[in-house]
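See below for the structure under consideration.
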Amino acid sequence: MKIVEKEFVREIEASKAVVLWNYWDHEHLFVVHKHYTDAKIIYEDQKIAVYLLTFKLPVFSFMKSKSLNVMIQKTPEIIKVYNVGLFNLLSATTITVKELEKDKTRITMNYKFVLTGWRLILAPFLNVMIAKWNQQVWDEDLPIKLRRQKALRLGFKDFLGMPKDVQKRVFDDDLELILPIVRHVHSPVNFPL
């Protein structure tokens, strides 16, 4: 058995609430990220989400695979994500979201992949693939986070929009995230029961 571990640290001009929202907003996964083609939430509450992702394979993008993910809000600053994906590869990701000052946040992403049996041959490739994947996801998510930060500071409320009175389009209080994120009853990520 071998564990491949890689860590990335990034900072963003956005609140912790916005960063966490991005992780828990499952509806954006297959709209924003070009390698995901579908997401279905199997279970979700105030601390846990279990979901099935469909994604294009890294090299053979004409082929698809699925992964089962369990995401847990361990503390107000720490998310754990457990994944069983392609080739039954097991991974555990720890995401630490620390607000450095108002509307400035540091995100530390620690990835651990457990390799056993024939999967040991993947070790040299994983370091490169993890770095490439992390950069791509960061680049794809960055505009969404910055837009949401700006909209919330202008008084935007989900399902309500902006205040009608332009003079009231300012919100300086702390931003907070309430889980689970409310979705429309007909959201495409809702698992059909």
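Things to note:
- Failed condition for Ile3, given (1) more than 22 Å from Ala123 (Cα to Cα); (2) in a strand (DSSP E or B): (1)
- Considering region 160-193, the residues that are aliphatic (A, V, I, L, M) and within 21 Å of Leu20 (Cβ to Cβ) include one that is most open to solvent (accessible area, probe 1.4 Å), namely Leu160.
- Count - residues of region 25-35 that are open to solvent by 40 Å² or more (accessible area, probe 1.4 Å) and touching a Phe, Trp or Tyr at 6+ places or on another chain (Cβ under 6 Å): 2
- For region 78-111, a residue qualifies if it is in contact (Cβ under 8 Å) with a residue 60 or more places away in the chain, outside any strand (DSSP E or B) and surrounded by fewer than 16 Cβ atoms within 10 Å (Cβ to Cβ), and exactly one does: Lys102.
- Matching residues, region 1-19, being within 12 Å of the chain's Cα centre (by Cα) and either within 13 Å of Ile181 (Cβ to Cβ) or without any contact (Cβ under 8 Å) to a residue 12 or more places away in the chain (or both): Val18
- The condition (being within 24 Å of His184 (Cβ to Cβ), open to solvent by less than 20 Å² (accessible area, probe 1.4 Å) and either assigned to a loop (DSSP other than H, G, I, E, B) or free of Cβ contacts under 8 Å to residues at least 24 places away in the same chain (or both)) is satisfied by just one residue among Asn69, Asn22: Asn69.
The values are calculated or read from the model by the stated rules, or taken from the named source; none is laboratory data. Please read all numbers here as calculations on a predicted model, not as lab measurements. All Cβ positions, even for glycine, are placed from backbone atoms using ideal geometry, and neighbour counts span all protein chains on display. Quick note on the areas: whole protein, heavy atoms, side chains included, nothing else; ligands and nucleic acids left out. Shrake-Rupley method; radii C 1.70, N 1.55, O 1.52, S 1.80 Å.
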